[in-house]
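Right, one structure below, let's go through it.
The values are calculated or read from the model by the stated rules, or taken from the named source; none is laboratory data. This structure is a prediction, so every number in the text was calculated from the model and none was measured. Cβ placement follows ideal geometry from the backbone for every residue including glycine, while neighbour counts extend to all protein chains displayed.
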């Protein structure tokens, strides 16, 4: 447990020393979501309808941006190898790195999403649902994404390849996340969506750290 | 030759060596081609001349004789690919990883064929080439998963790392296959429910079902034959440094 917090703290400290990287992903999120009204016109009813999907897809893409750096610098300077060799459980260390990634790339989206939602004229109930789905969904994005990041570590054109591997796996989260907000805005029951998102989060938490750790061991072998 | 090698279970492990498997696969290939052609001829005859015209969908329904077997095979091959990849990961056998690598493009072709014929079927029946229905969408995701597997395998130069990394990807992706299968029950959308089910009698004419099953067997045998052909090429490619490969008749000439 101690090792877990050490890794989270270390990764967050590293990020704080290079704030531009985090801010890039956040600005990307804001810009992409702002492009949609410009592309399809400012019809309020239409914007309200597409808002959940637009915000969720932008969140997926913003998470992908950060994933490329998740293990890359540690891999290049050999830290990752030392972590794998250390007596601490490698799985816990990997989970720590994923958690730090979520704090840096997932959590800020939660803070920005209501503002974006207001741009798209979402009402309070829909905004609440959006926040809750993002809260449940973005950790899943960081977790699943870490598998892709680990598998493509150190490969030529790793970034594009990682998107190809990871985006199809994101689809269930997208469906239930955006679906819940849409269902709420038309007055349907959303407990099913939340249960499924929660199930995805639990499953991902239970299995992904092991898978990512195994993938990393293959990469540094 | 000691006693142990005569036991049947040991022979299976002997087959796991590429040098033993290569000639065995070569002998099996014609056998599976013959089976595939025989089932194919019977299935096509059944589906074009015996099966009755559908009361609602007319002649157009006959595309299911290609569409359904292709969809079944695309899912089945993904599971087989994941099984071989998993065996390769656990037992560290080279041949298993080569099998997974050989199956992937065939599965991708099957998924593509399923989507393509589905579009041809959808246009006259639903009036649209494509609808965003759960089953269509998950078949599309399956196609993407195949492409991801092939791309990852192709972009890693060291064979050992490529095998292991793509094996992990295949095992992660296999979670998607049950979602495809159960999506019909999860989302209630445009796509008609499954016509063939395990628990109750199928809601189609017996002859249609037979046509479909024969075509499925044809596709299955075809997939085995092509997998064996592909795996032989992969063996030659990867073992090109080995002496036994250099002594092969087809390599020397």
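Restricting attention to the range B:115-139, and to residues there that are more than 12 Å from chain A (Cβ to nearest Cβ) and not in a helix (DSSP H, G or I), which single residue is surrounded by the fewest Cβ atoms within 10 Å (Cβ to Cβ)? This residue is B:127. Among the residues of the range A:180-198, the ones that are part of a helix (DSSP H, G or I), exposed (fewer than 14 other Cβ atoms within 10 Å of the Cβ) and within 14 Å of chain B (Cβ to nearest Cβ) come to 1 in all.
Has the range A:119-128 got at least one residue that is within 14 Å of chain B (Cβ to nearest Cβ), within 30 Å of residue A:20 (Cβ to Cβ) and modelled with pLDDT under 90?
Taking the range A:119-128 first, the residues within 14 Å of chain B (Cβ to nearest Cβ) are none.
No, every residue in the range A:119-128 fails to be within 14 Å of chain B (Cβ to nearest Cβ), within 30 Å of residue A:20 (Cβ to Cβ) and modelled with pLDDT under 90.
Checked against the criterion of being in contact with a helix residue (DSSP H, G or I) (Cβ under 8 Å, 6 or more places away or on another chain), under 24 Å from residue A:15 (Cα atoms) and surrounded by 21 or more Cβ atoms within 10 Å (Cβ to Cβ), the range A:199-210 contains one or more residues that satisfy it.
Here residue B:76 clears all of (1) surrounded by fewer than 21 Cβ atoms within 10 Å (Cβ to Cβ); (2) within 30 Å of residue B:19 (Cα to Cα); (3) within 14 Å of chain A (Cβ to nearest Cβ) except the condition numbered (3).
One line per residue, one yes/no per condition, for (1) within 16 Å of the chain's Cα centre (by Cα); (2) farther than 19 Å from residue A:153 by Cβ; (3) at pLDDT below 85:
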{"residue": "B:138", "(1), (2), (3)": "no, yes, yes"}
{"residue": "B:145", "(1), (2), (3)": "yes, yes, no"}
{"residue": "B:154", "(1), (2), (3)": "no, no, no"}
{"residue": "B:159", "(1), (2), (3)": "no, no, no"}
{"residue": "B:163", "(1), (2), (3)": "no, no, no"}
{"residue": "B:169", "(1), (2), (3)": "no, no, no"}
{"residue": "B:172", "(1), (2), (3)": "no, no, no"}
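Among the conditions (1) under 27 Å from residue B:233 (Cα atoms); (2) within 14 Å of chain A (Cβ to nearest Cβ); (3) surrounded by fewer than 19 Cβ atoms within 10 Å (Cβ to Cβ), the only one that residue B:108 does not satisfy is (3).
Pairing residues of the range B:170-183 that are at the interface with another protein chain (Cβ under 8 Å from one of its Cβ atoms) with residues that are in a helix (DSSP H, G or I) and at pLDDT below 75, at Cβ distances under 9 Å and at least 6 apart in sequence or on separate chains, gives B:179/B:134; B:179/B:186.
Could you say whether any residue in the range A:161-174 is within 14 Å of chain B (Cβ to nearest Cβ) and over 15 Å from the mean Cα position of the chain (by Cα)? Yes - at least one qualifying residue is present in the range A:161-174.
Determine whether the range B:42-64 contains at least one residue that is under 14 Å from the mean Cα position of the chain (by Cα), touching a residue at least 12 places away in the same chain (Cβ under 8 Å) and buried (at least 18 other Cβ atoms within 10 Å of the Cβ). Looking for residues that are under 14 Å from the mean Cα position of the chain (by Cα), touching a residue at least 12 places away in the same chain (Cβ under 8 Å) and buried (at least 18 other Cβ atoms within 10 Å of the Cβ), one finds none in the range B:42-64, hence no. For the range B:140-159, residues that are outside any loop (DSSP other than H, G, I, E, B) and more than 8 Å from chain A (Cβ to nearest Cβ) total 9.
If I filter the range A:110-119 down to residues being in contact (Cβ under 8 Å) with a residue 12 or more places away in the chain and surrounded by fewer than 22 Cβ atoms within 10 Å (Cβ to Cβ), which single residue comes out as farthest from residue A:220 (Cα to Cα)? Spell out how you get there, then give the answer.
Of all residues in the range A:110-119, those in contact (Cβ under 8 Å) with a residue 12 or more places away in the chain come to A:110, A:112-114, A:116-117, A:119.
Narrowing the set further to residues that are surrounded by fewer than 22 Cβ atoms within 10 Å (Cβ to Cβ) leaves A:110, A:112, A:114, A:119.
Details: A:110: 34, A:112: 36, A:114: 41, A:119: 45 Å.
Top of the filtered list is A:119.
Candidates in the range B:144-167 are the residues that are in contact (Cβ under 8 Å) with a residue 60 or more places away in the chain and buried (at least 22 other Cβ atoms within 10 Å of the Cβ); of these, the one that is farthest from residue B:240 (Cα to Cα) is B:145. You will find that of A:143, A:201, the residue that is at pLDDT 90 or above, within 14 Å of another protein chain (Cβ to nearest Cβ) and closer than 30 Å to residue B:165 by Cβ is A:143 and no other.
Suppose we filter A:177, A:154, A:137 for residues that are more than 9 Å from chain B (Cβ to nearest Cβ), assigned to a loop (DSSP other than H, G, I, E, B) and in contact (Cβ under 8 Å) with a residue 60 or more places away in the chain; which single one remains? Outline the logic, then answer.
Values: A:177 fails: assigned to a loop (DSSP other than H, G, I, E, B); A:137 fails: assigned to a loop (DSSP other than H, G, I, E, B).
Exactly one residue qualifies, and that residue is A:154.
The set of residues in the range B:13-36 that are within 21 Å of residue B:222 (Cβ to Cβ) and either free of Cβ contacts under 8 Å to residues at least 60 places away in the same chain or not in a helix (DSSP H, G or I) (or both) comprises B:24, B:27, B:30, B:31, B:34.
Given the criterion under 17 Å from residue A:138 (Cα atoms) and either out of contact with any helix residue (DSSP H, G or I) (no Cβ under 9 Å at 6 or more places or on another chain) or at pLDDT 90 or above (or both), identify the matching residue among A:76, A:60, A:13. I'd like the intermediate steps shown before the answer.
Values: A:76 fails: under 17 Å from residue A:138 (Cα atoms); A:13 fails: under 17 Å from residue A:138 (Cα atoms).
Going through A:76, A:60, A:13 in turn, the sole match is A:60.
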